[in-house]
Amino acid sequence: MKRENKPYSRPFAEPDPSLDRVDGHLKVTGAAPYSAEYRFENLTHAVLINSTIARGRITAIEAKPAEAAPGVLAVISHLNSPGVPGYGTPKKPAERAPVGTAFRVFFDELVYFSGQPVALVVAESVEQAHYAASLVRITYEAEPHQTDFEANQSRAVLPGGVQRNAASPFRDYHRGSSDALQTAEVRLEASYTIPTQHHQPLEPHAILAVWEADDKLTVYDKNQGVKSAQGNLAQAFKLPREKVRVQAPFIGGAFGSGIRVWPHTVAAALAAKLLKRPVKLVLGRDQMFTSVGYRPYTVQKFALGASKDGKLIAMNHEGIGQTSRYEDHLERTILATRAMYACPNVSTRYRLLPLDVNTPTWMRGPGDATGMFALESALDELAFSLHLDPLEFRLRNYAETDPERNLPWSAKSLKECYRMGAEAFGWQNRPLKPGTIQKDGQLVGYGMASSLYGFHRHPSKARAVLQADGSVVVQSATMDIGPGTGTAMTRIIAKILGVSPQKIRFDLGDSALPDAPGQNGSATITSVGSAVHVACEALKKKLIALASSLPSSPLAHIPSEAVSARNGRIFLTANPSASLAYTDILAHHNLTEVDVTEESKPGPERDQYSMYSFGCHFVEVHVSPVTGEVRVKRVVTCADVGKIINEKTARSQSIGGIVGGIGMALMEASVMDHRYGRYVTSDFASYHIPVQADMPQIEVFYIDQPDVYANPIGAKGLGEIAIVGVAAAIANAVFHATGKRIRDLPITPDKVL
Ligand code: MOS
């Protein structure tokens, strides 16, 4: 194994306390505008009408009464839509297409799922639009639909796109011998089910679309990537990219629902173009169930075996995920199984089941949260059969190198995570036998699970500007869907330039800013953080050069390595009294500002090292033997995600992931009435998410050591690994409390009793 790749120099440790959110004040005072809150004169309001059948055709749309209603400006459907010319390939939606070839709104009379947008009513007020929408009569010719995953499972297929792509990670995978499983002394076969779960950010998806003339579109849209939304809309309306501007500086949560541009976004932009007036469209909570994707219903079959001394011999993992009839949605469901443990014989198989539903999408920890629920539950089951402590079982199968790619890890301190977590939790006191601890009439259980999440880094740019008053502005078209991107970036900027955070502004969420990836795949800090790092280093260098060229400069002719920055000044590290303020450097040169734009991108390190974030969760649950109610009482989580940039916002990310994991484990399930192929869960009364009263005591620990091969800042992704494994740790704790193994999420009282 090669290790010639040069590591990035170790980022220096610094003692400053964490920063509070730089936009916290704006958010809590309501001064931060969300997409639906921008004001425009002449604004119009749109309401989507959704199909009531799951499959078939529209035979008629009676729009006249709606068109005659007060304030109504238009009723748009496939009957009068000029079409969105360039969206996707020139295929009908019915022809199966890979992800990214989006559903074309108001394209023809065909209905692919219940809740499909079939018409849009635009009026002077939102009330008028809602009333008029109630007057539109749509008749359908329904065809028999299939929405029931369990009943149709045998129709699952290897997607055509995967079959055609020899390099696809979703192809069937084998290592070692395929009949090794039979030789294992202890074996387990089990099937695990994840129901459909919908992202439910408090802010619903919303768009405000404004055209100038016929060829310049500006949208204020809730999404996770202004640059990709810009590209998608430019393609949809056949415009050059620079004619489309997407702004999304504040997002009220998304969890993956905003990675793509959805039909409602295109519909609103289309209406604004037709009416030549700004159009605002806000999805209702019920429409969040059919308009923006979801975590797909997934069934996983595991067969695994170990030797009596607790060594994994073989694992066979099959995952079948739900998708729509018109698109393939793939996720990492089976991939973690190949890399997580040192198991010599592994087979994985991935299939998709197309149903008459809308296309799923990525939801926090996509694939890995699903796959690791099954893998970490299965390991717990096997440990029980082996009479082995579940943590000990994992340690006996610890992968010191990546068993899939046969490469060294760039960094992996999972053993240290296990040790820290177990100690903080008090794991050593856990009895092996389930159902043995009781407290106040409740059954008490302790469970744990490992977590991992892949490392992603994309090319990113950042512009850094020092202004004459000594303040710094850094800009990048990145996003903040909630983690506190601007705060973490401010921390990076402050550290390099030696400027107080109060004098720093970080601009994001605008497609006019320097190119950056959207916020997904836990890649923002690794990608954009690196760009901000290199841009600030370049700016500092430029300032040092300017300082050294000044006549009688105390910093004349010195190399930049000899210089440090603090309190808005640069100084000779060896002699801090030789210093210059940034403001003086600019003043002496008669400059109003100094700016640089830099790009940072990954190198060959990904071919030489295997890179993941790792972690583990320890959970205590209390289960009522009378009602079957499960309450999570305590969670200790420990993660190795490289260097932590800002501890406070990082911690809040980890807590958020645990909250999501509690929802996944105990509450969240979108329930469909298959007679109609329609969700009956359509609000927060029927779709439950954890609230404050459900919150356990949560302790978060980080290894906080830079991964020097990952990027110049040594940080890896945190947002998604925070949820991965949580549901398994809870299910394992429920088993430990009750002796009952629940393999179908969510763990509701009916299953516990
Ligand atoms: Mo995340 S599901 O990549 O927003």
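The values are calculated or read from the model by the stated rules, or taken from the named source; none is laboratory data. Since the model is a prediction, treat every value here as computed from it, not as a measurement. Don't worry about glycine lacking a Cβ; one is built from the backbone with ideal geometry, like all the others, and counts go over all protein chains shown. Areas reflect the complete protein model, heavy atoms only, side chains present, ligands, DNA and RNA absent. Shrake-Rupley method; radii C 1.70, N 1.55, O 1.52, S 1.80 Å.
You will find that of Val528, Val563, Val594, Val534, the residue that is within 16 Å of the ligand (Cβ to nearest atom) and either at pLDDT 95 or above or β-branched (Val, Ile, Thr) (or both) is Val528 and no other. Scanning the stretch 592-622 for residues that are of a type in the set (Val, Ile, Thr) and in a loop (DSSP other than H, G, I, E, B) yields one hit, Thr592. When the residues of the stretch 213-234 are filtered to those that are open to solvent by less than 40 Å² (accessible area, probe 1.4 Å), over 28 Å from Ala369 (Cβ atoms) and not small (Gly, Ala, Ser), the one that is nearest to the ligand (Cβ to nearest atom) is Gln230. Among the residues of the stretch 720-752, those identified as among the β-branched types (Val, Ile, Thr) and within 16 Å of the ligand (Cβ to nearest atom) are Ile721, Ile723, Val724, Val726.
Give the residue, chosen from Lys415, Lys495, Lys439, Lys461, that is touching a Ser or Thr at 6+ places or on another chain (Cβ under 7 Å) and of a type in the set (D, E, K, R).
On the way: Lys415 fails: touching a Ser or Thr at 6+ places or on another chain (Cβ under 7 Å); Lys495 fails: touching a Ser or Thr at 6+ places or on another chain (Cβ under 7 Å); Lys439 fails: touching a Ser or Thr at 6+ places or on another chain (Cβ under 7 Å).
The conditions single out Lys461.
Considering only residues that are part of a loop (DSSP other than H, G, I, E, B) and either under 19 Å from the mean Cα position of the chain (by Cα) or β-branched (Val, Ile, Thr) (or both), which ones fall in the stretch 430-463? Working first, answer last.
Within the stretch 430-463, the first condition is being part of a loop (DSSP other than H, G, I, E, B), and the residues that meet it are 430-436, 440-441, 455-459.
Across the stretch 430-463, the qualifying residues are Thr436, Phe455, His456, Arg457, His458, Pro459.
One residue is enough: does the stretch 358-368 have a residue meeting the conditions assigned to a helix (DSSP H, G or I), at pLDDT 95 or above and either touching a Phe, Trp or Tyr at 6+ places or on another chain (Cβ under 9 Å) or of a type in the set (S, T, N, Q) (or both)? Scanning the stretch 358-368 turns up at least one residue that is assigned to a helix (DSSP H, G or I), at pLDDT 95 or above and either touching a Phe, Trp or Tyr at 6+ places or on another chain (Cβ under 9 Å) or of a type in the set (S, T, N, Q) (or both). For the stretch 363-393, a residue qualifies if it is touching a strand residue (DSSP E or B) at 6+ places or on another chain (Cβ under 6 Å) and of a type in the set (D, E, K, R), and the qualifying residues are Asp368, Glu376, Glu381. State yes or no: is Gly663 assigned by TED's automatic domain parsing to the domain that holds Pro360 and within 16 Å of the ligand (Cβ to nearest atom)? Here the answer is yes, as Gly663 does meet what is asked.
Filtering Thr485, Thr490, Thr478 for residues that are away from the ligand (no atom under 16 Å from the Cβ) and either in contact (Cβ under 8 Å) with a residue 12 or more places away in the chain or open to solvent by 10 Å² or more (accessible area, probe 1.4 Å) (or both) leaves a single hit, Thr490.
Scanning the stretch 507-525 for residues that are hydrophobic (A, V, I, L, M, F, W, C) and away from the ligand (no atom under 16 Å from the Cβ), which turns out farthest from Val724 (Cα to Cα)? Show your work before the answer.
Pass one, the stretch 507-525, residues hydrophobic (A, V, I, L, M, F, W, C): 508, 512-513, 516, 523, 525.
If we keep only those that are away from the ligand (no atom under 16 Å from the Cβ) too, we end up with 512-513.
Working: Ala512: 34, Leu513: 32 Å.
In this case the residue turns out to be Ala512.
Exactly one residue out of Pro576, Pro625, Pro551 is part of a loop (DSSP other than H, G, I, E, B), more than 16 Å from the ligand (Cβ to nearest atom) and not assigned by TED's automatic domain parsing to the domain that holds Val659, and it is Pro551.
Given the criteria closer than 30 Å to Ala665 by Cα, open to solvent by 70 Å² or more (accessible area, probe 1.4 Å) and under 26 Å from the mean Cα position of the chain (by Cα), does Arg171 qualify? Yes, satisfied.
Can you find a residue that is more than 30 Å from Ile251 (Cα to Cα) and among the aromatic types (Phe, Trp, Tyr) anywhere in the stretch 164-175?
If we filter the stretch 164-175 for residues that are more than 30 Å from Ile251 (Cα to Cα), which is where we start, we get 164-175.
Within this subset, residues satisfying the condition of being among the aromatic types (Phe, Trp, Tyr) are 170, 173.
Yes, the stretch 164-175 contains a residue that is more than 30 Å from Ile251 (Cα to Cα) and among the aromatic types (Phe, Trp, Tyr).
Kindly state which strands (runs of 3 or more DSSP E) lie completely within the stretch 235-342 and contain at least 1 residues that are within 16 Å of the ligand (Cβ to nearest atom) and surrounded by fewer than 21 Cβ atoms within 10 Å (Cβ to Cβ).
Working: elements: 244-247, 279-282, 298-306, 312-324.
So the answer is none; nothing clears 1.
Quick check: anything in the stretch 652-663 in contact with a strand residue (DSSP E or B) (Cβ under 6 Å, 6 or more places away or on another chain) and open to solvent by 10 Å² or more (accessible area, probe 1.4 Å)? Yes, the stretch 652-663 contains at least one residue that is in contact with a strand residue (DSSP E or B) (Cβ under 6 Å, 6 or more places away or on another chain) and open to solvent by 10 Å² or more (accessible area, probe 1.4 Å). Looking at this structure, is Leu382 away from the ligand (no atom under 16 Å from the Cβ), within 27 Å of the chain's Cα centre (by Cα) and either open to solvent by less than 10 Å² (accessible area, probe 1.4 Å) or not assigned by TED's automatic domain parsing to the domain that holds Asp673 (or both)? No.
Within the stretch 579-598, the only residue that satisfies the criterion of being of a type in the set (Ser, Thr, Tyr), over 19 Å from Val534 (Cβ atoms) and either outside the structural domain of Glu537 (by TED's automatic domain parsing) or open to solvent by 60 Å² or more (accessible area, probe 1.4 Å) (or both) is Thr592.
Restricting the first member to the stretch 514-531 and to residues that are more than 11 Å from His456 (Cα to Cα) and among the β-branched types (Val, Ile, Thr), and the second to residues that are more than 11 Å from the ligand (Cβ to nearest atom) and part of a helix (DSSP H, G or I), the beta-carbon pairs closer than 8 Å and six or more apart or on different chains are Val528/Thr485; Val528/Met489. Quick check on this structure: which one of Gln163, Gln128 is surrounded by 13 or more Cβ atoms within 10 Å (Cβ to Cβ) and part of a helix (DSSP H, G or I)? Just a single option satisfies the conditions, and that option is Gln128.
Just to be sure I understand the filter: pairs with C-beta atoms under 6 Å, separated by 6 or more residues or on different chains, first member in the stretch 245-260 and within 9 Å of Ser35 (Cα to Cα), second member within 10 Å of the ligand (Cβ to nearest atom) and at pLDDT 95 or above. Which pairs pass? From the stretch 245-260, the pairs are Ile251/Ile481. Out of all the residues in the stretch 664-680, which are open to solvent by 40 Å² or more (accessible area, probe 1.4 Å) and in contact with a Pro (Cβ under 7 Å, 6 or more places away or on another chain)? Within the stretch 664-680, just Met667 meets the criteria.
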